[in-house]
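Read the structure below first, then the notes.
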Amino acid sequence: KPKADLSRAGEAADLLGRAERPVILAGGGVLASGASDLLLSFAEKRGIPVANTLMGKSAFPDDHPLSLGMAGMHGTPEANLALTEADVIFALGTRFSDRTTGRLDSFAKGAVLIHGDIDEAEIDKIVPSQVSLLGDARATLEVLEGRTPPAERGAWAEKIRAWKDEYPLSDPETTDFVPSAIMERVKDASGENWPAVADVGQNQMWTALFYKTSRPGAFLTSGGLGTMGYALPAAMGASLVGGKTPTVCFAGDGGFLMNCQELETCARYGIPVKIFVLNNHALGMVRQWQELFWDERYSATTPQSPCRFDALAEALGVKGYGCDTLEELEELLPEMMDSPGPALVDCRIAREELILPMVPAGAALKDFLHRVKV
């Protein structure tokens with residue numbers, strides 16, 4: 001068992017108790033240690049807003065009033081602004097990847113940083129902390145729970161609400177066939193306990209932002225390594241572990257082609273994976289960078305395969321659907337989601353769809369792009 005050193009827990013508790021603008025940054029370590037229930041009660045009693053890393057998504061309920069959503073390069077404006085203006089940041093179970101911090105010399109510049117992690121090598125490796133807590137996330141929260149006083153932080157909560165109003169993530173009234181609307185429809189049609197799996201690329205960030213989770217472990221993706229082709233086999237595994245629980249799978253056309261042959265395995269064994277290919281006929285994430293930062297000099301990103309994924313699915317024994325509008329998606333979802341086996345929808349979205357917000361490479365978290373006209 002890794003060694004633990006929580007000797008500075010009292011100091012951390014005092015800082016959190018006195019803070020006016022505290023933020024918790026929850027990483028994958030919260031999920032790995034089974035600490036989501038403690039995180040929820042700890043934050044609620046003290047009115048501390050919670051941001052999550054990509055791998056920390058589902059550690060805290062997305063629909064909770066204290067949730068800031070994902071922080072980082074494609075994080076929510078409220079998460080990134082809260083981390084920028086916080087006076088105390090409690091980072092738990094996270095390694096501070098460059099996708100989370102933005103420009104390092106600007107990250108947590110005005111805050112006291114408390115870093116809790118199970119791996120001693122991660123402490124002070126990327127971002128120096130003022131207080132370090134070495135240990136498993138659950139054990140750390142158990143110690144802090146008994147030492148950190150309750151608090152009301154109405155002014156801080158009001159400021160965060162103002163940011164949410166100023167920088168909405170999406171238009172809930174839109175009838176356009178865009179990823180945010182697709183995610184919302186799919187979530188509404190999914191079972192309460194169905195896991196969701198995202199591949200790598202724009203689809204991963206769209207899922208992290210727009211597919212809301214409320215149960216720990218309900219979201220799976222390949223962070224760090226960023227392995228394209230991950231989603232379908234991972235969704236199959238998630239379904240089988242849950243006794244063939246229906247599982248939602250999001251992928252882009254580029255990543256899905258890397259492991260699409262596993263559709264045959266789904267068909268053969270009746271694995272109820274519900275697949276949504278966000279098909280923009282491009283390697284969208286790289287294309288986005290070429291558009292925004294390389295003067296639209298597109299190379300090896302577009303045009304991509306003319307594959308009809310619904311026809312491919314049918315050829316491999318899986319029910320396939322294709323759609324180009326929200327209305328078509330809404331019509332097919334009940335049949336697709338209620339069917340006992342696997343099914344796939346080829347969601348043919350516009351090539352020009354961008355994943356926003358976005359913090360450009362080398363920029364501070366506060367310097368995000370929110371709306372870009374293409």
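Can you find even one residue in the stretch 291-304 that is in a helix (DSSP H, G or I) and within 23 Å of Trp194 (Cβ to Cβ)? Before you say what the answer is, go through the steps one by one.
Filtering the stretch 291-304 down to residues in a helix (DSSP H, G or I) leaves 291-293.
Among the residues that remain, those that are also within 23 Å of Trp194 (Cβ to Cβ) are: none.
Within the stretch 291-304, none of the residues are in a helix (DSSP H, G or I) and within 23 Å of Trp194 (Cβ to Cβ).
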- Item | Breaking point among (1) buried (at least 22 other Cβ atoms within 10 Å of the Cβ); (2) touching a residue at least 40 places away in the same chain (Cβ under 8 Å), for Ala51 | (2)
- Quick one: Val88 ticks every box in (1) at pLDDT below 95; (2) under 21 Å from Lys366 (Cα atoms) except a single one, so which number is it? (1)
- Query: Looking at (1) surrounded by fewer than 19 Cβ atoms within 10 Å (Cβ to Cβ); (2) touching a residue at least 60 places away in the same chain (Cβ under 8 Å), which is the only condition Val248 fails?
  - Reply: (1)
- Message: Given the criterion among the acidic types (Asp, Glu), touching a residue at least 12 places away in the same chain (Cβ under 8 Å), touching a helix residue (DSSP H, G or I) at 6+ places or on another chain (Cβ under 8 Å) and farther than 22 Å from Val359 by Cβ, identify the matching residue among Glu20, Glu44, Glu78.
- Response: Glu20
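Which ones in the stretch 260-272 are touching a Gly at 6+ places or on another chain (Cβ under 8 Å) and surrounded by fewer than 19 Cβ atoms within 10 Å (Cβ to Cβ)? I'd like the intermediate steps shown before the answer.
As a first pass, look at the stretch 260-272 and keep what is touching a Gly at 6+ places or on another chain (Cβ under 8 Å): 263-264, 266-268, 270-272.
Scanning the stretch 260-272 gives Glu264, Ala267, Arg268, Gly270.
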- Pick from the stretch 180-239 the residues that are under 25 Å from Asp37 (Cβ atoms) and β-branched (Val, Ile, Thr): which of them is nearest to the chain's Cα centre (by Cα)? Thr207
- Task: Please name all residue pairs, on different chains or six or more residues apart, with Cβ atoms under 9 Å, provided the first residue is in the stretch 286-301 and is without any contact (Cβ under 8 Å) to a residue 12 or more places away in the chain and within 18 Å of Gly252 (Cβ to Cβ) and the second residue is surrounded by 14 or more Cβ atoms within 10 Å (Cβ to Cβ) and among the small types (Gly, Ala, Ser).
- Result: Tyr298/Ala282
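Looking at Trp194, is it aromatic (Phe, Trp, Tyr), in contact (Cβ under 8 Å) with a residue 24 or more places away in the chain and touching a strand residue (DSSP E or B) at 6+ places or on another chain (Cβ under 7 Å)? Even if it seems obvious, please write down each step before you answer.
On the way: aromatic (Phe, Trp, Tyr): yes; in contact (Cβ under 8 Å) with a residue 24 or more places away in the chain: yes; touching a strand residue (DSSP E or B) at 6+ places or on another chain (Cβ under 7 Å): yes.
So Trp194 passes the test.
crowded, with 24+ Cβ neighbours inside 10 Å, farther than 20 Å from Leu220 by Cβ and among the acidic types (Asp, Glu), is that true of Glu78?
Details: crowded, with 24+ Cβ neighbours inside 10 Å: yes; farther than 20 Å from Leu220 by Cβ: yes; among the acidic types (Asp, Glu): yes.
Taking the combined requirement at face value, the residue satisfies it.
Would you say Ala139 is farther than 20 Å from Ser41 by Cα and of a type in the set (Gly, Ala, Ser)? Can you show your working first?
Values: farther than 20 Å from Ser41 by Cα: no; of a type in the set (Gly, Ala, Ser): yes.
Considered against the rule, which asks whether it is farther than 20 Å from Ser41 by Cα and of a type in the set (Gly, Ala, Ser), Ala139 comes out as no.
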- Task: Sort through Asp119, Asp98 and tell me the only one that's surrounded by fewer than 20 Cβ atoms within 10 Å (Cβ to Cβ) and within 17 Å of the chain's Cα centre (by Cα).
- Result: Asp98
- Item | Cβ-Cβ under 6 Å pairs, at least 6 apart or on other chains, the stretch 121-147 side at positive phi, far side surrounded by fewer than 20 Cβ atoms within 10 Å (Cβ to Cβ) | Gly135/Ala4; Gly135/Leu6
- Item | Top-ranked residue of the stretch 328-366 - restricted to ones that are of a type in the set (Lys, Arg) and not in a strand (DSSP E or B), ranked as modelled with the highest pLDDT | Lys366
- Task: Give the residues of the stretch 215-246 that are touching a helix residue (DSSP H, G or I) at 6+ places or on another chain (Cβ under 6 Å) and among the β-branched types (Val, Ile, Thr), sorted by residue number.
- Result: Thr221, Thr245
- Enumeration of residues in the stretch 164-200 that are assigned to a helix (DSSP H, G or I), in contact with a helix residue (DSSP H, G or I) (Cβ under 8 Å, 6 or more places away or on another chain), under 21 Å from Leu54 (Cα atoms) and not hydroxyl-bearing (Ser, Thr, Tyr): Lys164, Pro179, Ala181, Ile182, Met183, Glu184, Val186
- Message: Looking only at residues that are of a type outside the set (A, V, I, L, M, F, W, C) and part of a loop (DSSP other than H, G, I, E, B) in the stretch 256-273, which one is farthest from Gly229 (Cα to Cα)?
- Response: Gly270
- When the stretch 139-156 is examined, which residues are found to be closer than 18 Å to Arg21 by Cβ and loosely packed, with under 15 Cβ neighbours inside 10 Å? Pro149, Pro150, Glu152, Gly154, Ala155
- Query: Pick from Arg161, Arg147, Arg138: which is modelled with pLDDT of 95 or more, under 22 Å from Asp37 (Cα atoms), among the basic types (Lys, Arg) and assigned to a helix (DSSP H, G or I)?
  - Reply: Arg138
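Residue-by-condition table, conditions (1) modelled with pLDDT of 95 or more; (2) in a helix (DSSP H, G or I); (3) among the aliphatic types (A, V, I, L, M):
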{"site": "Pro2", "(1), (2), (3)": "no, no, no"}
{"site": "Leu16", "(1), (2), (3)": "yes, yes, yes"}
{"site": "Gly34", "(1), (2), (3)": "yes, no, no"}
{"site": "Leu38", "(1), (2), (3)": "yes, yes, yes"}
{"site": "Phe42", "(1), (2), (3)": "yes, yes, no"}
{"site": "Lys45", "(1), (2), (3)": "yes, yes, no"}
{"site": "Leu54", "(1), (2), (3)": "yes, no, yes"}
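The values are calculated or read from the model by the stated rules, or taken from the named source; none is laboratory data. In this text the structure is predicted, and so the values were computed from the model without any measurement. All Cβ positions, glycine included, derive from the backbone under ideal geometry; neighbour counts span all protein chains shown.
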